[in-house]
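A quick write-up on the structure given underneath.
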């Protein structure tokens with residue numbers, strides 16, 4: 001792994017987290033960050049999670065991760081949080097491209113799932129409720145060509161994240177608009193974000209604007225800046 005660099009978002013975030021934790025450790029586990037509250041679970045919760053297993057035998061908590069109680073705001077260039085502005089374009093190498101607004105998204109079959117998510121900076125949230133529409137349901141309507149192998153998740157201001165087709169179509173991969181029973185918070189990508197829980201969280205594009213099906217891979221915003229093209233947390237695929 002490269003040496004610590006303060007211009008690297010992962011290294012800078014880790015250093016900031018260590019400093020903040022040491023500074024606030026004496027006054028409890030609630031930490032104010034970016035105008036919102038996020039909570040550390042106690043060390044016992046992290047230790048317990050390390051001994052839990054997924055159905056496929058992998059440890060529930062990937063290596064190098066620590067449990068948080070809530071999603072931590074991670075920044076990014078925000079798009080409009082207004083539901084009336086939302087449009088999702090489902091396009092690319094498909095037979096039937098289409099665009100839907102927020103009301104049309106809500107009219108589709110909804111899934112409420114309890115999922116674990118893992119940030120590349122070293123935190124995880126376990127068993128959190130997310131509500132949305134399966135990407136697989138949108139793909140079924142668009143009918144991708146047989147040659148499609150990848151999905152590009154498009155966000156505000158040209159942000160993109162690339163994922164393999166099979167991971168985008170997994171039962172847990174969502175176009176998400178609610179979290180913990182409430183509308184998605186602006187800091188977490190409102191009104192709609194992608195959710196690809198089996199990969200590091202940067203792949204779950206916030207302020208989602210498009211889902212594009214392609215036959216050739218197109219590394220996204222962080223991938224071309226040195227982060228891993230695949231981003232499997234259990235393999236610690238942080239850097240390319």
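FYI, it's all coordinate maths here, none of it is from the lab. Not measured: the values here are computed from a predicted model.
Cα extents for segment 47-154 along the principal axes, largest to smallest and rounded to whole angstrom: 47, 35, 25.
Each part gets one Cα centre, and for segment 150-179 versus segment 102-145 those centres are 8 Å apart. Counting only DSSP beta bridges with both residues in segment 61-235, the antiparallel share comes to about 80 percent. Of the Cα atoms belonging to segment 61-235, the radius of gyration and Dmax stand at 14.9, 43 Å.
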